[in-house]
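The values are calculated or read from the model by the stated rules, or taken from the named source; none is laboratory data. Computed from a predicted structure; not experimentally measured. Ligands, DNA and RNA are stripped out before the accessible areas are found, and what is left, the full protein with its side chains, is counted by its heavy atoms. Shrake-Rupley method; radii C 1.70, N 1.55, O 1.52, S 1.80 Å.
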Amino acid sequence: MMKTVTHWIGGKTFGDAARASGAWSPVTDPATGEVTTQVAMAGPDEVDAAVAAAKDAYATWRTSSLAQRTAILFRYRELLNARRDDLAALITAEQGKVHADALGEVARGLEIVELACGLGTALKGDTSTEVSSHVDVASIRQSLGVIVGISPFNFPAMISMWMFPIAIACGNTFVHKPSSKAPSASMLLAELAAEAGVPDGVLNIVHGDEVAVNALLDHPDVAAVSFVGSTPVARHVYSRASASGKRVQALGGAKNHMLVLPDADLDAAADAAVTAAYGSAGQRCMAVSVVVAVGAAGDALVSRIVERASKVKIGPGNDPTSEMGPLVTKAHRDEVANYVTCAAAQGAEVVLDGRDFTVEGLEHGHWMGISLLDKVSTDSDAYRNEIFGPVLCVLRASTFEEAMRIINRSPFGNASSIFTRDGGAARRFQLEVETGMVGVNVPMPVPVGSHSFGGWKDSAFGDHRMYGSEAVHFYTRGKVITSRWPDTAGVTAGPNLRFPASR
């Protein structure tokens, strides 16, 4: 019997084939191409029910003590840690990444849960006494209300854990809309949250497409929206939600560049390029999709990348010998392959071609082999667009300055990295490159939890980044309280209509 995934509203599963106001969508196993699951797609009724449950729960959750919320999150962290293999298995089954990579995703999500467990310091305010005679001023931060999180298919667990643990630690309630391509991990996250003691309605899950998304963006009881996905959808989410007065952080697509100078350790750079370009089959917003090789580094680097990439073992994610799995859907696989076809027509040299790759016995899986495109033009579709697959573009530049111009002209500004032994060049790069995250001899500079994650330009919309201190500011709002408590009760100086003095 086919597995069915419904919604999680008010602390329990919600919706079945008879009650769902929306349709049902198929979920495939990327390694086999077989439909293994059907997921309920929320309509207006499910969205209203989820937001109503979150709004009702907020009335009491907002006044719960920080100690109570922290204790629940500590229990949640332990439950997640105990079930990390189960979470990873769900990710592999629906997203396709190999089990070791899925475990890494869970570990990075746990890092942010741990951050939420210790949020007391980040939530504390400031106080100034005697700013005027008998006058004190205090700054505090308070929760917003119902928060919506919309996350993509490529990290079904991690990005969810980047959102709701901090949001609920701050005293908000949460409605999460995960990708319908990989919905099961989010349901296990919700079930474990309930087991840890998260009250009914504090965390809710609705699955769906643009109907559910737009209903959430327009809902009058939603205070803020956190989104991760493609740039066109991020722009839509930001525009639509902010137009109705909501606070929005919307992280979009990426075209992350890796600049390699001739003095770099080319073996280390080639290792980094293969790891960052082809890990998770390139389905990472932090993947390196462009290498800009300067001068003599070009030919030597490409040959090293070919040597390493040709040895990568591609296979199903549940095979412990596999290093790279399939793409999430057949449609996405075909779109990625078309970029290789177009690149060849637009003058690129196809050094490695993964379009005809398949796995014996799993011919209907969404397989795409490793592709390497050399001497790519900045005008080509493969360079201009986010491919989100195992395709690495190599561009050539004569000088450091030319390479910097290439990188900074990109409309994307998510992340970039430089490989060099020259400290001066590295320092200049990190100060002048127009991206929100920068790596020096690090290919994927994902910040640790105590810092914040986010890009520039068309890679992010809104003023706040994810996790770290910026997440606390996103999920709370400041209030400044000025108070006077005279020493002698009943003594007043009479009204004074002048502008208040500070002394």
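Over 22 Å between Cα atoms: which of Lys12/Lys177; Lys181/Lys457; Lys3/Lys97; Lys97/Lys181; Lys177/Lys246 fall into that group?
Lys181/Lys457
So how much accessible area does Glu195 have, in Å² to the nearest 10, using a 1.4 Å probe?
Surface accessible to solvent at Glu195 totals approximately 120 Å².
Under 17 Å Cα-Cα from Lys55, which aspartates and glutamates qualify once same-chain neighbours fewer than 8 residues away are excluded?
Filter leaves Asp45, Glu46, Asp200, Asp218, Asp221.
Using the Cα atoms of region 342-382, I'd like the radius of gyration and the largest Cα-Cα distance, Dmax, both in angstrom.
Radius of gyration, then largest Cα-Cα span, for region 342-382: 12.5, 39 Å.
Hey, what angle do you get for helix 99-117 against the long axis of the chain, alpha-carbon based, 0 to 90 degrees rounded to 10?
Roughly 20 degrees between the two axes.
Between Val438 and Asp271, what is 0.36 nm times their sequence separation minus the Cα-Cα distance? Round to one decimal in nm.
Details: separation 167, 0.36 × 167 = 60.12 nm, distance 1.82 nm.
Fully extending the segment from Val438 to Asp271 adds 58.3 nm.
If you fit an axis through the alpha-carbon atoms of helix 231-243 and take the longest principal axis of the Cα set of the chain, what angle between them do you get, 0 to 90°, nearest 10?
20 degrees
Rounded to the nearest 5, what % of DSSP beta bridges with both residues in the chain are antiparallel? Write down the numbers at each step before the final one.
Values: 30 of 73 bridges.
Around 40 percent of the beta bridges assigned by DSSP in the chain are antiparallel ones.
Between region 137-153 and region 270-286, how far is it from one alpha carbon centroid to the other, in angstrom?
The distance from the Cα centre of region 137-153 to that of region 270-286 comes to 32 Å.
Quick check on region 1-137: take the gyration tensor over C-alpha atoms, sort the square-rooted eigenvalues as a ≥ b ≥ c, and tell me if it's rounded (a/c under 1.5), prolate or oblate. Provide the component values of the computation, followed by the final result.
Values: a/c = 3.28, a/b = 1.70, b/c = 1.93.
Judged from the Cα gyration tensor, region 1-137 comes out oblate (a/c at least 1.5, b/c at or above a/b).
Measure out, as a whole number of angstrom, how far apart the alpha-carbon centroids of region 344-377 and region 167-186 sit.
Cα centroid to Cα centroid, the span is 35 Å.
In what order, largest first, do Ser310, Ser160 sit by accessible area if the probe radius is 1.4 Å?
Ranked from most to least accessible, the order is Ser310, Ser160.
If you fit an axis through the alpha-carbon atoms of helix 66-82 and take the longest principal axis of the Cα set of the chain, what angle between them do you get, 0 to 90°, nearest 10?
20 degrees
For Asp299 and Ala71, compute 0.36 nm times the residue count separating them, minus their Cα-Cα distance, and round to one decimal in nm.
Numbers: separation 228, 0.36 × 228 = 82.08 nm, distance 5.57 nm.
Working it through step by step, the gained length comes to 76.5 nm.
Which order do Trp456, Trp24 take when ranked by solvent-accessible area (1.4 Å probe, heavy atoms of all protein chains), largest first? Please report the intermediate quantities before stating the final value.
Details: Trp456 115, Trp24 70 Å².
Sorted by accessible area, descending: Trp456, Trp24.
So how exposed is Glu46, as accessible area in Å² (1.4 Å probe, rounded to 10)?
0 Å²
I want to verify the translational diffusion coefficient of region 137-265 in µm²/s; compute it with Stokes-Einstein, Rh as the Kirkwood radius over Cα pairs, at 20 °C and 1.002 mPa s. Walk me through the intermediate numbers first.
Numbers: Rh = 15.8 Å.
So the translational diffusion coefficient is about 135 µm²/s.
With every protein chain kept in the model, how would you rank Asp29, Asp45 by accessible area, 1.4 Å probe, largest at the top? Before the final figure, lay out the partial values.
On the way: Asp29 40, Asp45 105 Å².
Descending order: Asp45, Asp29.
How large is the accessible surface of Leu90 in square angstrom, using a 1.4 angstrom probe and rounding to the nearest 10?
Rounded to the nearest 10, that gives 40 Å².
Once you order the gyration tensor axes a ≥ b ≥ c over the Cα atoms, which shape class does the chain get: rounded for a/c under 1.5, otherwise prolate or oblate by comparing a/b with b/c? The partial results should precede the final answer.
Values: a/c = 2.27, a/b = 1.39, b/c = 1.63.
The shape class here is oblate.
Let me know the shape class of region 203-294, please: from the alpha-carbon gyration tensor, a ≥ b ≥ c as square roots of the eigenvalues, rounded when a/c is under 1.5, otherwise prolate if a/b is greater than b/c, or oblate. Intermediate values should be presented prior to the final figure.
Details: a/c = 4.05, a/b = 2.79, b/c = 1.45.
It is prolate, given that a/c is not under 1.5 and a/b is the larger ratio.
Any chance you could check the Cα centroid distance between region 93-136 and region 26-62 for me, in angstrom?
Spelled out, the Cα-based centre of one part sits 25 Å from the other.
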